[in-house]
1. If a residue counts only when it is free of Cβ contacts under 8 Å to residues at least 40 places away in the same chain and within 24 Å of B:ALA169 (Cβ to Cβ), which helices (runs of 4 or more DSSP H) contained entirely in the range B:1-90 have at least 2 such residues?
2. Where residues in the range B:136-179 are of a type in the set (S, T, N, Q) and farther than 18 Å from A:THR115 by Cβ, which of them is farthest from the other protein chains (Cβ to nearest Cβ)?
3. Pull out all pairs, ordered by first then second residue, where Cβ-Cβ is under 9 Å, the residues are six or more apart or on different chains, the first lies in the range A:123-147 and is more than 7 Å from chain B (Cβ to nearest Cβ) and closer than 14 Å to B:TYR144 by Cβ, and the second is part of a loop (DSSP other than H, G, I, E, B) and not aromatic (Phe, Trp, Tyr).
4. Name every residue in the range B:189-202 that is free of Cβ contacts under 8 Å to residues at least 40 places away in the same chain and facing chain A (nearest Cβ under 9 Å), in order of residue number.
5. Is it true that some residue in the range A:87-110 is within 21 Å of B:LEU215 (Cα to Cα), β-branched (Val, Ile, Thr) and within 14 Å of chain B (Cβ to nearest Cβ)?
6. Taking the conditions exactly as written (surrounded by 18 or more Cβ atoms within 10 Å (Cβ to Cβ), within 16 Å of the chain's Cα centre (by Cα), within 13 Å of chain A (Cβ to nearest Cβ) and among the aliphatic types (A, V, I, L, M)), does B:LEU126 satisfy them or not?
7. Might you check whether a residue that is among the aromatic types (Phe, Trp, Tyr) and modelled with pLDDT under 85 occurs anywhere in the range B:60-75?
8. Out of the residues in the range B:35-66 meeting the condition of being crowded, with 18+ Cβ neighbours inside 10 Å and more than 12 Å from the chain's Cα centre (by Cα), tell me which one is farthest from B:LEU143 (Cα to Cα).
Amino acid sequence: MTRQRVAAAFALVGLGLLSWGSYLGLWVAPPDRYMGDVQRIMYVHVPTAWLALVVFTLAFVYALLFLIRRTWRWDALHEATLEIGVLYTALLCIQGALWGKPTWGVYWAWDPRLTTVAVMLLSFAGILSLRHFLDDPLRRASWSATATILASANVPVVYYSVRWWNSLHQLQSTPKTVNSAMVEPLRINAFGLLALTIALIMIRSWIAEARRRRDLAPPLPEIEA
Amino acid sequence: MMALLHKEFLLAWRGRARVAASLTFAAATLLMFSFSAGADGRLLQRLAPGFLWLAILLASTLTLQASFDAETQDGALDGLILSASAASIFYAKALTNWLFLAALGFVLLPLIAALFDAQLGALDRLMSVLLLGTAGLAAPGTLYAALAGRSRAAGLMLPLLYFPLVIPALVSSVKASELAFFGDPMNQWGGWMSLLLAFCLIFWSLCGALSTAILEDG
């Protein structure tokens, strides 16, 4: 029962930090001078972006580890990080669109970072559905790992080609350029989401493991009526 | 490797009917694009380079898929993998697909010029963009065709994985073709070609290295 307890602890700490950070972000932090209250979405948007990148980096590492070590554990973790990464990039696009409409006047712009995130979302969602369409566990594990490596290698290339093609997104702010009352909820939310992500990865990889066991298990003998 | 190439060319030659069909398909997509854009001649002319690459991209999903048809039937690939390395099988197929797509592009050029009244400005530049751009499509496309052909919903799987991956190749091919069609006052053609070349180098080597995992597992 211990690993379940660890995951539950991470999830609780994560949810606690997220509610605290969001409280600070929504009520305590001052509104932005130019963007007003709209800017408060940054307290979830920026942590989501960071964690989405962390999770996809992990997916790349797990895919590589699976192809080298050939252990099912890496495949389960690969599946978990793929799914959570797709979820986070989808959330990221929705949050960005909600912020973009009042600030830029449009839901979507062909900015390099936006476009790269959209391409990542599409690539990794494609790999997730590839996993659904492959029945043999070995094929599923090794082919989706290959696709993850290709898609990850493509991310910087997409970024540079789109940046050259068009540009508009804000430059990154650093803690030095931002009021400390704004930095605090951002940091708390980032750590909260990190803890929650660890819990989600753990739980999702157990589900993947259990599903693979069920797939590989011999069929039960038929019971005669 | 030479024997494999010979086999691929023989297969391609025996499937001539397929060549005619994919050419017709590409021409049909060109017509559809023009109907969707409207009858504005100037607009169509400006969109011609993009249409050229979209036609090649869409037709490539069919030809790439077809290149593994002979292999997936009767488990022929299992026999092939015993006598040749996965990388050599992959490169033979990718090379054949590349030549085919480049040829398709060359044939589409006069059609584009006629349909959209586009001046084929710098023909040498257009030729090199076509060669390099189709190379960028062929390597990842061949690898994903190998994978999609043996999964359920094969026709759906290939574009789903292959389209997002070739976006950089598509962007730079379209840009370089535009500059070749309409002139290049800012001298940017070389830059887009280097990006395309980098894409080709990365994915021709990476896909070759990863082909073992696709062709030997399962």
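1. Values: elements: B:2-14, B:16-37, B:41-66, B:69-72, B:76-83.
Filter on the range B:1-90 gives B:16-37, B:41-66.
2. Our first condition is that a residue be of a type in the set (S, T, N, Q); within the range B:136-179, this holds for B:142, B:151, B:172-173, B:177.
Now narrow it down to the ones that are farther than 18 Å from A:THR115 by Cβ: B:142, B:151, B:177.
Details: B:THR142: 12, B:SER151: 5, B:SER177: 14 Å.
Selected residue: B:SER177.
3. That search, which allows pairs on different chains as well, returns A:SER144/A:LEU134.
4. Keep residues of the range B:189-202 that are free of Cβ contacts under 8 Å to residues at least 40 places away in the same chain, which gives B:190-192, B:194-195, B:198, B:201-202.
B:GLY191, B:TRP192, B:LEU195, B:ALA198, B:ILE202, listed by residue number.
5. no
6. Values: surrounded by 18 or more Cβ atoms within 10 Å (Cβ to Cβ): yes; within 16 Å of the chain's Cα centre (by Cα): yes; within 13 Å of chain A (Cβ to nearest Cβ): no; among the aliphatic types (A, V, I, L, M): yes.
In short, no.
7. Within the range B:60-75 (the criterion being among the aromatic types (Phe, Trp, Tyr) and modelled with pLDDT under 85), the answer is yes, since at least one residue qualifies.
8. Taking the candidates together, the pick is B:LEU44.
The values are calculated or read from the model by the stated rules, or taken from the named source; none is laboratory data. It should be emphasised that the depicted structure is a prediction, and the values quoted were computed from it without experimental measurement. We place every Cβ from the backbone using ideal geometry, glycine too, and count neighbours over all the protein chains shown.
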